[in-house]
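Everything below concerns the one structure shown next.
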Amino acid sequence: MRYAIISDIHSNLEALQAVLKDARDQGARRIYCLGDIVGYGANPNECIEELEKYKVQCVAGNHDWAVAGKLNYEHFTDEGRAAIDWTKTALKISHLEYLKNLNLSMQNDDMNMVHANLHYPDQFIYLKDSTQAQDTFYLMDKKVCFIGHTHVPQTLVFQDGMITISKLTEITLLRENKYIVNVGSVGQPRDGNPFASYCLYDPDLERIQIKRIAYDIPLTQKSIYESGLPTVLAKRLEVGE
Ligand code: ZN
């Protein structure tokens, strides 16, 4: 069984479609999404419909909860707040319900999945370094936990009581280790690489691969400019920040 794990789509339809196509081409049999389906981009309805079409199982991100009225978003950036307000009015009622009903975490036989971290999943605190990773490693009951939220792909490795960070895009899993894999962002990468990011996981081969996928950035930018969303949300896509 090969899985594709995607996250932080942020209403970017072109990036989502490019990633889903690649995942299928790579033989992914099941696709999971780690939240932040909406916010920032101009196609929230279309993105949710695309996920439903491909039977993608999702957990909630902070933007999904903010739009659904389940999270105070006063502390979001100006453009983040504007995007939440815009998305609330643009979303179909049924899609608002869809976001409201998302759980904060999920798992299958091979992995844990959550938007930010396992220890306080409803507080959406970034998990970036080894100190922040300790509690999530402690709570994991699978070998691998997949996360998103920071929009920066990386893997934290728990080996012999030590936690190290790997930026490698291909990792072979060792039996005795545990892994927290940040899959990066489909719709708004922030690591200086504008290509959409997602992860392939093959438990039989014990292999994880972070993939970067080109998509039609000018088309996505055009839809943001035409929507009335803050223009900075379009500009940042071409630099990946
Ligand atoms: Zn996000």
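The values are calculated or read from the model by the stated rules, or taken from the named source; none is laboratory data. Keep in mind that what you see is a predicted model, and the values were worked out from it rather than measured. Because the Cβ atoms are built from the backbone with ideal geometry, glycine has one as well, and the counts that use them run over all protein chains shown. Just so you know, the surface numbers come from the protein's heavy atoms only, side chains and all, with ligands and any DNA or RNA stripped out. Shrake-Rupley method; radii C 1.70, N 1.55, O 1.52, S 1.80 Å.
Of all residues in the stretch 79-111, those satisfying the criterion of being outside any helix (DSSP H, G or I) and touching an Asp or Glu at 6+ places or on another chain (Cβ under 7 Å) are L102, L104.
Against the conditions (1) within 16 Å of the ligand (Cβ to nearest atom); (2) without any contact (Cβ under 8 Å) to a residue 12 or more places away in the chain, V183 satisfies every one except (2).
One line per residue, one yes/no per condition, for (1) at pLDDT 95 or above; (2) closer than 24 Å to A133 by Cβ; (3) touching a Leu at 6+ places or on another chain (Cβ under 6 Å):
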position: D64; (1), (2), (3): yes, yes, yes
position: R81; (1), (2), (3): yes, no, no
position: L96; (1), (2), (3): yes, no, no
position: L104; (1), (2), (3): yes, yes, no
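Considering the stretch 1-70, the qualifying helices (runs of 4 or more DSSP H), each wholly inside and each with 1 or more residues that are within 21 Å of T220 (Cβ to Cβ) and within 12 Å of the ligand (Cβ to nearest atom), run over 62-67.
Return a yes/no flag: does the stretch 153-165 have any residue that is under 26 Å from A82 (Cβ atoms), open to solvent by 30 Å² or more (accessible area, probe 1.4 Å) and not in a strand (DSSP E or B). No, the stretch 153-165 contains no residue that is under 26 Å from A82 (Cβ atoms), open to solvent by 30 Å² or more (accessible area, probe 1.4 Å) and not in a strand (DSSP E or B).
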